[in-house]
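As structure tokens, the structure follows; a few thoughts come after it.
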Amino acid sequence: MPRRQVTITALTAQPTTPPANLRPLPDRYLTPEDVASLFGVPLETVYQWRRKRTGPPGFRVGRHLRYHPDAVAQWVSDQAQRVA
């Protein structure tokens, strides 16, 4: 089975600019693969974050896990504030 290509495009309505090391978020719900690619971490790390409730909040659509781009952006902001 060929590997799926993930293309991440910028949101036009996003009021704040993302950090320089973070790609712009798409205007659709993100898959776990998208989140892993966005942060440059293995897919299993995204699933561990969900199990431990330490990562961005996700939700189920049937049996599929999805992430809202605004929730991911808020989680990144919260992480940045926690470190500062």
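Points worth noting:
- Every pair of residues 6+ apart whose Cβ atoms lie under 7 Å, when the first sits in the stretch 67-82 and is within 15 Å of Leu30 (Cα to Cα) while the second is assigned to a helix (DSSP H, G or I): Tyr67/Val35; Val72/Val35
- In the stretch 14-25, the condition of being modelled with pLDDT of 65 or more and open to solvent by less than 80 Å² (accessible area, probe 1.4 Å) is met by at least one residue.
The values are calculated or read from the model by the stated rules, or taken from the named source; none is laboratory data. As the structure is a computational prediction, the values presented were derived from the model and not from experiment. Because the Cβ atoms are built from the backbone with ideal geometry, glycine has one as well, and the counts that use them run over all protein chains shown. With ligands, DNA and RNA removed, areas are computed over all heavy atoms of the protein, side chains included. Shrake-Rupley method; radii C 1.70, N 1.55, O 1.52, S 1.80 Å.
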